[in-house]
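Notes follow the structure.
The values are calculated or read from the model by the stated rules, or taken from the named source; none is laboratory data. Small disclaimer: the values here were computed from a predicted structure and weren't measured. Quick reminder, even Gly has a Cβ in these numbers, built from the backbone with ideal geometry, and neighbours come from all protein chains shown.
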Amino acid sequence: MTQIRNKTDYNLTKKEWRDSNKEKVKESRKKWAVKNKEKRNIITKRWSEKNREKRKEYFKKWRLDNLEKCRQYSRNRRARIYEAFGSHIIGDWETLKAQYNWTCPACGKSEPEIQLTEDHIIPLVKGGSNNIENIQPLCKNCNSRKYTKIITYSPNGEINLIYNGEKEK
Ligand SMILES: [Zn+2]
């Protein structure tokens with residue numbers, strides 16, 4: 001005679017079986033859901049209605065527990081928007097350098113003696129865009145020497161000081 005198991009034993013065995021047949025369980029659940037679309041929708045709807053408050057509470061609590069995570073998330077989001085504000089492709093940059101004859105307009109040295117870097121005419125932190133119209137080629141030295149000044153160097157040699165870098169009074 002087979003041994004009679006009590007309910008706990010039985011449930012445990014069931015769980016064990018499910019754990020070792022995860023794929024099978026998944027498959028049969030999927031099949032059931034396809035066959036019983038209506039039923040499943042009703043069950044899902046009922047569940048979320050019943051647990052609406054619970055879920056609200058849960059998310060509220062989660063937010064409080066994860067303030068730093070939330071803050072980081074919105075920072076990341078802002079950075080993504082920021083990046084999307086303007087972008088240029090490598091071809092644009094090469095064309096721009098050609099317009100300047102591969103020469104730094106501030107010191108007159110040319111590539112490959114120097115390496116031209118992308119200078120944002122209006123800095124990104126000041127709301128400048130990453131569009132090619134806001135970019136001019138400067139060598140590393142001139143770029144860093146410029147500091148917070150806003151100067152435009154045209155390919156025809158015209159220099160325009162827009163902001164001398166000093167704080168406004
Ligand atoms: Zn230079």
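Looking only at the stretch 107-126, residues that are under 35 Å from the mean Cα position of the chain (by Cα) and within 13 Å of the ligand (Cβ to nearest atom) come to 6 in all. Taking the stretch 127-155 on its own, how many of its residues are near the ligand (Cβ under 10 Å from one of its atoms) and part of a strand (DSSP E or B)? So the answer is 4. ILE135 fulfils the conditions (1) buried (at least 19 other Cβ atoms within 10 Å of the Cβ); (2) within 18 Å of GLY165 (Cβ to Cβ) except for a single criterion, (2). Close contacts from the stretch 151-168, counting a first residue that is under 18 Å from LEU96 (Cα atoms) and assigned by TED's automatic domain parsing to the domain that holds LEU96 and a second that is surrounded by fewer than 10 Cβ atoms within 10 Å (Cβ to Cβ) and at pLDDT 90 or above, with Cβ to Cβ under 9 Å and a gap of 6+ residues or different chains, come to THR152/GLU158. Checking each residue in the stretch 61-86 for being at pLDDT 75 or above and under 24 Å from the mean Cα position of the chain (by Cα) picks out TRP62, ARG63, LEU64, ASP65, ASN66, LEU67, GLU68, LYS69, CYS70, ARG71. For the stretch 93-120, the candidate set comprises residues that are touching a residue at least 40 places away in the same chain (Cβ under 8 Å) and in contact with a strand residue (DSSP E or B) (Cβ under 8 Å, 6 or more places away or on another chain); within that set, the residue that is surrounded by the fewest Cβ atoms within 10 Å (Cβ to Cβ) is ASN101.
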